[in-house]
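The values are calculated or read from the model by the stated rules, or taken from the named source; none is laboratory data. Remember, it's a predicted structure, so these values are computed and weren't measured experimentally. Glycine gets a Cβ as well: all are built from the backbone with ideal geometry, and neighbour counts include every protein chain shown.
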Amino acid sequence: MAAILCLLLLPAARAAASGDRPVSASAGGAWRIFSSQLGLESDAGLSLRLGLGVMDRLEVALDYSLSAPLRETTQQSASVSALRALARYEVWQGPIRPYVIAGGGGFLVNFDDSSDYSTGAVTLGAGVERRLGPRAFLRLEGTADLYRSEVVRYDLGGNVRSRAPRTTNALGSLGVFLGTRF
């Protein structure tokens with residue numbers, strides 16, 4: 001998915017290299033709220049984002065986040081990694097800029113005491129950006145990663161014992177990012 005995104009953005013990357021389009025880099029922290037289906041406690045996490053302006057109000061970005069919540073049942077840790085391709089559209093321009101964000105990607109839950117879990121997700125959210133000078137910015141952002149899941153239990157022979165209905169779940173995040181434009 002990242003390779004396709006890079007190919008689609010090659011013309012914008014050329015414009016950015018010539019100084020016509022800004023490249024942004026940001027780092028932040030977020031409070032992650034997990035679906036009860038995953039059995040994880042809410043936890044703080046870190047995020048890194050690299051963006052490229054493709055139009056006056058539109059930026060595309062590659063986002064990586066990591067958190068290490070505890071399991072609710074065993075109190076053992078798990079690491080949750082997410083990689084997403086995002087599009088951010090500024091609704092209004094000025095020193096304070098509200099925006100909407102959407103994209104897709106996936107996340108991996110690496111349990112220390114159980115089978116791992118991974119899935120694709122669609123990301124939706126909104127935020128506000130405050131310019132801190134000609135290049136620096138501060139963002140407050142809330143997102144939800146929506147994903148589908150189905151719990152299937154097997155016996156020792158690998159035969160299906162039970163299957164729960166497929167459900168749509170969300171992994172929520174409320175974050176603060178500090179970044180700069182080049």
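Within the stretch 37-74, the set of residues being buried (at least 17 other Cβ atoms within 10 Å of the Cβ), of a type in the set (D, E, K, R) and under 21 Å from L178 (Cα atoms) comprises D43, R49, E59, D63.
Please report, ordered by residue number, the strands (runs of 3 or more DSSP E) entirely within the stretch 37-103 with at least 3 residues that are free of Cβ contacts under 8 Å to residues at least 40 places away in the same chain and under 15 Å from R139 (Cβ atoms).
The strands (runs of 3 or more DSSP E) meeting that bar are 43-53, 78-90.
Please determine, by comparing only the residues of the stretch 21-36 that are within 24 Å of N169 (Cβ to Cβ) and assigned to a loop (DSSP other than H, G, I, E, B), which one is nearest to the chain's Cα centre (by Cα). Filtering first and then ranking leaves F34. Close contacts from the stretch 153-182, counting a first residue that is under 18 Å from G105 (Cα atoms) and a second that is charged (D, E, K, R) and modelled with pLDDT under 95, with Cβ to Cβ under 9 Å and a gap of 6+ residues or different chains, come to T168/R148; N169/R148. Among strands (runs of 3 or more DSSP E) entirely within the stretch 122-182, having at least 2 residues that are of a type in the set (S, T, Y), within 23 Å of the chain's Cα centre (by Cα) and farther than 19 Å from W92 by Cα singles out 136-149, 167-181. Here S149 passes the criteria (1) surrounded by 12 or more Cβ atoms within 10 Å (Cβ to Cβ); (2) within 21 Å of L46 (Cα to Cα) except the one numbered (2). Checked against (1) touching a helix residue (DSSP H, G or I) at 6+ places or on another chain (Cβ under 8 Å); (2) exposed (fewer than 15 other Cβ atoms within 10 Å of the Cβ); (3) among the hydrophobic types (A, V, I, L, M, F, W, C), V100 passes all but condition (1).
Listed here are the residues, each with its yes/no results for (1) in contact with a Gly (Cβ under 8 Å, 6 or more places away or on another chain); (2) farther than 16 Å from S173 by Cα.
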residue	(1), (2)
L58	no, yes
A87	yes, yes
G105	yes, no
V109	no, no
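Determine whether the stretch 26-47 contains at least one residue that is under 24 Å from G133 (Cβ atoms) and at pLDDT below 95. Within the stretch 26-47, not a single residue is under 24 Å from G133 (Cβ atoms) and at pLDDT below 95.
Among the residues making up the stretch 80-105, a single one is modelled with pLDDT of 95 or more and of a type in the set (S, T, N, Q): S81. Taken as a whole, the structure places R181 among residues that are of a type in the set (K, R) and surrounded by 16 or more Cβ atoms within 10 Å (Cβ to Cβ). Take D113 and tell me if it is of a type in the set (D, E, K, R), surrounded by 15 or more Cβ atoms within 10 Å (Cβ to Cβ) and either in contact (Cβ under 8 Å) with a residue 24 or more places away in the chain or assigned to a strand (DSSP E or B) (or both). So D113 fails the test.
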